[in-house]
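Engineer: Sharing a structure, written as structure tokens. Questions coming.
The values are calculated or read from the model by the stated rules, or taken from the named source; none is laboratory data. The shown structure was predicted, so the numbers you read here are calculated from the model rather than taken from an experiment. Note that we place each Cβ from the backbone using ideal geometry, even for glycine, and neighbour counts take in every protein chain shown. To get the accessible areas, we keep the full protein, side chains included, count just its heavy atoms, and leave off ligands, DNA and RNA. Shrake-Rupley method; radii C 1.70, N 1.55, O 1.52, S 1.80 Å.
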Amino acid sequence: MSNYHVFKTAIAVCCLLLTNTTQAQQAPFTITGQLTALKQETKVMLSYRIGKMHISDSAVTRNGFFEIKGMIEGTVKASLKLKALDDDGTFTIAKMLMADEQTFFLEKGVTKVNGTENLTTAKITGGTAQKDYLELVSMYAGIEKEIAPQMAQLKQFAIAGQMPKMDSVSRLLAPAHNRIRDIKLNYLKSHPASYVSWDMLVERSSIIHPETFEPLFNGMDARFRNSAQGKEMAAKLETAKKTGIGRPALPFALQDTTGKEVSLASLKGKYVLIDFWASWCGPCRAENPHVRKAYEQFRNRNFEIIAVSLDEKRAPWIKAINDDQLPWIHVSDLKGWKNTVAKSYGITAVPQNLLLDPAGVIIAKNLRGEELAKKLAAVIK
């Protein structure tokens with residue numbers, strides 16, 4: 001996956017179903033903050049998840065001071081964001097990418113925020129998990145400082161919708177991103193009892209590659225593996241093994257846009273891409289031009305696509321197909337995340353795809369951008 005697509009995935013968390021939480025009894029927390037150079041009253045937004053529930057709270061600064069109190073279950077990844085009091089709440093890509101916010105780990109007890117005029121550069125201290133997180137961040141802070149100008153460029157190109165320029169900058173950033181990835185992976189392996197390591201593993205579980213994921217999961221502390229979330233993750237790992245490269249694709253049949261049932265078996269004898277997507281998924285829609293380009297190149301060379309939508313409503317599904325000009329097979333039961341095929345394949349994040357050979361065996365997974373066309377060129381002679 002290119003760094004451009006990693007970037008898009010990171011800014012589109014709405015397309016993830018799996019959330020990060022452990023079960024514990026509720027305990028009180030207090031967040032106290034001081035932004036010394038912030039004189040104008042500003043809203044501070046706290047956001048996190050408990051299970052599948054999104055929790056938010058807020059406070060208004062007074063001479064740079066603010067305080068938020070609440071109850072928390074265990075440890076959660078949270079974010080603090082500054083918003084103008086007159087913000088109308090509308091969503092734009094620019095607002096999302098240029099937001100003044102910072103991620104941290106929230107636990108019971110007191111969390112302190114100290115900064116000047118923004119949250120992005122403020123220092124957040126708190127419990128054990130936040131201490132571990134600050135330790136991890138310090139390991140790659142130098143790399144992030146090096147690539148800060150390029151990351152700023154990347155955001156501007158994303159706001160302007162300039163995909164070729166985004167791809168160009170992402171390629172330049174690839175070595176730095178790989179270094180950060182390796183630092184995080186080494187931390188995960190060497191700190192099996194840290195909640196920060198568990199959180200990174202949860203992030204990886206949105207799309208599981210069993211050969212690399214299973215050793216990491218087995219290496220985690222037993223209290224994580226034996227938690228409700230750990231057991232859920234173990235079950236998902238077993239499902240991923242059934243849909244790994246070299247395994248026969250699981251059979252299914254769903255109705256297409258006309259109401260006609262289409263089975264995967266009916267496509268046997270062709271190279272087939274099973275593409276999981278949804279009309280509301282930004283990264284899916286951004287990926288569609290690449291998929292369309294590959295389809296146009298290979299559609300007359302024994303290749304077909306069957307796109308499984310995780311939509312719940314027919315109208316936006318059909319509109320997205322027409323708007324994005326997607327001339328392949330489209331099926332859905334319009335059950336959203338409860339889509340029967342998605343559940344059988346363990347899909348908890350989109351976009352995802354699987355490439356099958358003419359015998360119905362999975363030969364590649366999650367091909368993005370030009371990777372799909374390159375793989376098809378290698379196997380279709």
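Engineer: Where a Cα-Cα gap under 20 Å defines reach, which aspartates and glutamates qualify for Lys270, not counting those fewer than 8 residues away within the same chain?
Structural biologist: Correct list for Lys270: Asp256, Glu261, Glu296, Glu304, Asp357, Glu371.
Engineer: Tally Lys and Arg at +1 and Asp and Glu at -1 over the other residues with C-beta under 13 Å from the C-beta of Gly346: what net charge comes out?
Structural biologist: +4
Engineer: Ranked highest first by average number of other Cβ atoms within 10 Å, how do 120-131, 179-190, 252-263 line up?
Structural biologist: Answer by packing, highest mean first, reads 120-131, 179-190, 252-263.
Engineer: Please figure out what share of the DSSP beta bridges in the chain is antiparallel and state it in percent, rounded to the nearest 5.
Structural biologist: Rounded to the nearest five, the antiparallel share is 75 percent.
Engineer: Scan (i) 106, 49, 38; (ii) 83, 51, 33; (iii) 67, 46, 40 for the value of Cα extents along the principal axes in Å calculated from this model and give just the label.
Structural biologist: Recomputing Cα extents along the principal axes in Å here gives the entry labelled (iii).
Engineer: Taking the Cα centre of each part, how many Å lie between the stretch 44-98 and the stretch 267-284?
Structural biologist: Value for the Cα centre distance between the two parts: 35 Å.
Engineer: Also, quick follow-up: When the dipole is taken about the Cα centre of the chain, and only Lys, Arg (+1) and Asp, Glu (-1) are charged at their Cβ, what size is it in debye, to the nearest 20?
Structural biologist: Numbers: 50 positive and 38 negative charges, 126 e Å.
The calculation lands at about 600 debye.
Engineer: While we're here: Give the carbon-plus-sulfur fraction of the accessible surface of the chain in %, rounded to a whole number; probe 1.4 Å, heavy atoms of protein chains only.
Structural biologist: So the carbon and sulfur contribution to the accessible surface is 53 percent.
Engineer: When the Cα centres of the stretch 192-215 and the stretch 290-314 are compared, how far apart do they sit, in Å?
Structural biologist: 30 Å
Engineer: Which entries of Lys123/Lys189; Lys81/Lys112; Lys112/Lys184 show an alpha-carbon separation above 18 angstrom in the structure shown?
Structural biologist: The pairs that break the limit, which is 18 Å between Cα atoms, are Lys123/Lys189; Lys112/Lys184.
Engineer: Near Lys319, which lysines are there with a Cα under 20 Å away, not counting those fewer than 8 places off in the same chain?
Structural biologist: Reachable lysines: Lys260, Lys293, Lys335.
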